[in-house]
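To start, the structure under review is shown below, and the notes come after it.
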Amino acid sequence: MCGIVGYVGPDAKSRTLEVIMEGLARLEYRGYDSAGVALVVTDGIASAKKAGKLANLRAEIEAHPLPGSTTGIGHTRWATHGGPTDDNAHPHLGGDDDRLALIHNGIIENFHVLRTELLDQGVVFRSETDTEVAAQLLARAYADTNDLTSAMQQVVNRLEGAFTLLAIHADTPGQVVAARRNSPLVIGLGDGENFLGSDVAAFIGHTKSAMEVDQDQIVTITKDTVSVIGFDGSPAEGKRFEVTWDAAQAEKGGHSSFMAKEILEQPHAIADTLLGRTDEAGRLVLDEMRIDPVRLAEVNKIIIIACGTAFYSGLTAKYAIEHWTRIPCAVELAHEFRYCDPVIDAQTLVVSISQSGETMDTLMAVKHARALGALTLSICNTHGATIPRESDAALYTHAGPEIAVASTKAFTAQIAACYLLGLYLAQLRGEDSTVRTVMQELAQIPGKVEHLLGRMDRVREIAHFMADTRSVLFLGRHVGYPIALEGALKLKEIAYIHAEGFAAGELKHGPIALIEPGQPVFIVVPSPHTPYHLHDKVVSNIQEIRARGARTLVIAEEGDETVVPFADEVIRVPQSSPLLAPLLTIIPLQVFACQLATAKGLDVDQPRNLAKSVTVE
Ligand code: M6R
């Protein structure tokens, strides 16, 4: 939520504004309610900000060009305090003479008290934001200290909540000072130039050399130096890392949307997540997790915590993890977990799943679990993100950058990573043959996804014809149930259509009343090899809703002819063992949502009211 960029370059003719605007374009997925920039220029601060997407800011700057500068900051906003207006857009200026500019990602929880204090001192506010309070406090602290880093140190110690702050001052050209608590910040290390960003996408076009910033740290960059201190002033050091993907991977590359591109990238996302995980004897090796196998072998309960799509990947994985390990596995929404007084001890493994690694609800749940003594493992797609760093161990998905707000390739990569974890736990319990068999089946999944993606024309046609549909239902059972939930979420978030997913067995307990003639219903049919006759039970469900007029869109395995008489459309997926089927059955639902939103003329990558990375509670 909110993208922030900071830059210090070699000279005033340098491409400061260009670098910042390019960074904002790459971070726009984090929030697109408004955008703004501020530069240190000869006679003070020059700034521009505009409500709406980055294009509005670009037009504003074209109409009113900004002077050259070595030093600047930029922001793309997801509104929290105050609506998406020009005035509420960041940067916010501070001081009587507006010689300081500040941007912010997060929420300052005690802003009301601080604002009242400043109002009493005669400060006139120009926005409704919590951020302007920080700008005014910082300007006052600077007036006392004449040092932007010390001033930042004073201010952060007065703030409560979550924040990444970036500030520049007209008296200190060539310097950007940043601070972070519970919000993301990374440093980009250039040659004669340095960068700050919410994530590495901000500077990936310029350097792959990066540095992590820990919680409660203040960073000061100049063009040649980077210094880090704690909020208490103690010296600190950032941890360097190399970014493993390049700028081209964060481009659309000729696709109509990032979402369309990312759906097609799933064979690679899954294959890369599975890559190099076994030794020559076929045994799983998850050294990357840096977790003590003895402690892991003692685990007697697993709790998966996540939000949104990541939550559904956890729900999907639960079936396999319990089946392979016989360890009870609960899946909780991260924002509920903290408040349900969870029963946890040192033998509980709490697995968080997060694409961004920055979701505040998930981060807080991880901290809570750790405080209660659990072993915490983060499944994450973003190197250097806060959640893996706040966890005892990390297992990375290798899906590459996911830019579209709607998560697709991260979802299937998360399931693959959860399966690796489940199999590893099974291996620790001596289930070597299960591990070998499933790993062989998993290795075939990327090829099957590729094959399936090549046969999505009919799904696209159906989506196109259904552009005016007002409601779609999704049914699934067993591992198909979370897939139904995820299919519905995709449609809600990008096509703004009322969509609901149900467990097929629940139908007769209420939801069947929703069925009326013409109601489209997707049904994720379990593989005929699923135990307990679940396949036949779902086929009966299809008949029940068809009898009441539903239009049945049936996702079924190749060769499963039993569904044909009751299906208005049959969408075929390759055969697989039942527990691996979700990696295939979700594909048509992703394509359907993407195509339907495109047919409605919507912005598929940046749906209304949403942001990619939800860094506020
Ligand atoms: O970065 P995370 O995986 O922690 O994000 C969690 C959810 O906010 C995210 O999956 C969200 O539901 C997606 N927009 C769904 O497509």
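Since every read-out is calculated from the coordinates, none of them should be taken as a lab result. Everything numeric here is computed off the predicted structure, so don't read it as measured data. Glycine also receives a Cβ, built like all others from the backbone with ideal geometry; neighbour counts cover every protein chain displayed.
Just how large is the dipole of segment 252-443 about the Cα centre, in debye to the nearest 20, putting +1 at every Lys and Arg Cβ and -1 at every Asp and Glu Cβ? Provide the component values of the computation, followed by the final result.
Working: 16 positive and 22 negative charges, 23 e Å.
Here segment 252-443 has a charge dipole of around 120 debye.
Which of the aspartates and glutamates could a cross-linker bridge to K600, judged by Cα under 17 Å and excluding same-chain residues fewer than eight apart?
Cα-Cα hits under 17 Å: E461, D468, E493.
Given the options G106, F125, L507, identify the residue whose Cα lies farthest towards the positive end of the charge dipole of the chain (+1 on Cβ of Lys, Arg; -1 on Cβ of Asp, Glu).
Going by the charge dipole, the pick is L507.
What is the Cα centroid distance between segment 371-413 and segment 249-275, reported in whole angstrom?
Comparing the Cα centres of segment 371-413 and segment 249-275, I get a distance of 17 Å.
Going by C-beta contacts inside 10 Å, put C329, C2 in order with the fewest on the left.
Ranking C329, C2 by Cβ neighbours within 10 Å, fewest first, gives C329, C2.
Based only on other Cβ atoms within 10 Å, what is the fewest-to-most ordering of R277, R290? Can you show the working numbers first?
Numbers: R277 20, R290 10.
Listed from fewest to most nearby Cβ atoms, that is R290, R277.
How long is the gain from D603 to E336 if the chain were fully straight, where each residue apart is worth 0.36 nm and the alpha carbon distance is subtracted?
Separation in residues times 0.36 nm, less the Cα-Cα distance, equals 93.0 nm.
Report the Cα centroid-to-centroid distance between segment 301-356 and segment 541-617 in angstrom, as an integer.
Segment 301-356 and segment 541-617 have Cα centres spaced 24 Å from each other.
Under a no-solvent Debye model with one identical scatterer per Cα of the chain, what's log10 I(q)/I(0) at q = 0.06, 0.09, 0.13 Å⁻¹?
-0.33, -0.73, -1.31
Which pairs, out of K409/K508; K367/K409; K261/K448, put more than 23 Å between their alpha-carbon atoms? Numbers along the way, then the final one.
Numbers: K409/K508 33 Å; K367/K409 27 Å; K261/K448 18 Å.
From K409/K508; K367/K409; K261/K448, over 23 Å: K409/K508; K367/K409.
Where a Cα-Cα gap under 16 Å defines reach, which lysines qualify for K208, not counting those fewer than 8 residues away within the same chain?
In chain and number order, the partners are K239.
So for V331, V472, V570, fewest C-beta neighbours within 10 Å to most, what's the order?
Sorted ascending by nearby Cβ count, the order is V570, V331, V472.
With +1 on each Lys and Arg Cβ and -1 on each Asp and Glu Cβ, how big is the dipole of the chain about its Cα centre, in debye rounded to the nearest 20?
For the chain, the charge dipole is close to 1220 debye.
Select from the chain the helices, each a whole stretch of DSSP H, whose alpha-carbon atoms run 24 Å or more along the helix axis and whose Kyte-Doolittle mean is at least -0.5; answer none if there are none.
TM-like helix candidates: 308-325, 409-428, 432-453, 582-599.
Return the aspartates and glutamates within reach of K537: Cα separation strictly under 17 angstrom, same-chain partners fewer than 8 residues apart disregarded; answer none if there are no such residues.
Output for K537: E506, E557, D560, E561.
Can you give the charge dipole size of segment 93-238 about its Cα centre, rounded to the nearest 20 debye, using +1 on the beta carbon of Lys and Arg and -1 on the beta carbon of Asp and Glu?
With Lys and Arg at +1 and Asp and Glu at -1, about 180 debye.
Given 4 °C and 1.567 mPa s, how large is the Stokes-Einstein diffusion coefficient of segment 252-443 in µm²/s, with Rh as the Kirkwood radius over Cα pairs?
The diffusion coefficient I find is 78 µm²/s.
Can you give me the orientation-averaged projected area of the convex hull built on the Cα atoms of segment 163-237, in nm²? Numbers along the way, then the final one.
Numbers: hull surface 19.4 nm².
Projected over every direction and averaged, the Cα hull of segment 163-237 covers 4.9 nm².
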